[in-house]
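Accompanying notes for the structure given below.
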């Protein structure tokens, strides 16, 4: 199986810029605007965010509260070019190689009844295990 192969009418991986990449753009724009509620709206109600490092933030409301704290420091967000998106039915894996050297960023998103996609799982930073 290769990038772009079709499985049951749905591409396994989409090369180039997939419309799910707009999710990362929306997060960066919301962060730049200081809009914690707008960033949290990208997540399902019971989503899990692996942040701060070593902790889990569970649920859209907790994610909104976390983003309020993060955005209080007025951080700068630069959009990061996405890697190919993997799609299987109504589930997809999006990822980016971060500019800050955090290793990788990955999100599992689910297609909603209206066709939009919301984050279910979000791993914004991977830390390499100690060898």
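Are any residues in region 108-124 assigned to a loop (DSSP other than H, G, I, E, B) and crowded, with 16+ Cβ neighbours inside 10 Å, and if so, which ones?
Step one: list which residues in region 108-124 are assigned to a loop (DSSP other than H, G, I, E, B), which gives 112-116, 124.
Residue satisfying the conditions is 124 alone.
I'm told residue 98 meets every condition in (1) within 18 Å of residue 49 (Cα to Cα); (2) part of a strand (DSSP E or B) except one. Can you identify the failing condition by its number?
Just one mismatch for residue 98, condition (2).
Can you tell me which residues in region 66-87 are within 13 Å of residue 35 (Cα to Cα), modelled with pLDDT of 85 or more and part of a loop (DSSP other than H, G, I, E, B)?
Matches in region 66-87: 72, 73.
The values are calculated or read from the model by the stated rules, or taken from the named source; none is laboratory data. The structure presented is a predicted model; accordingly, all values stated were derived computationally and were not measured. We place every Cβ from the backbone using ideal geometry, glycine too, and count neighbours over all the protein chains shown.
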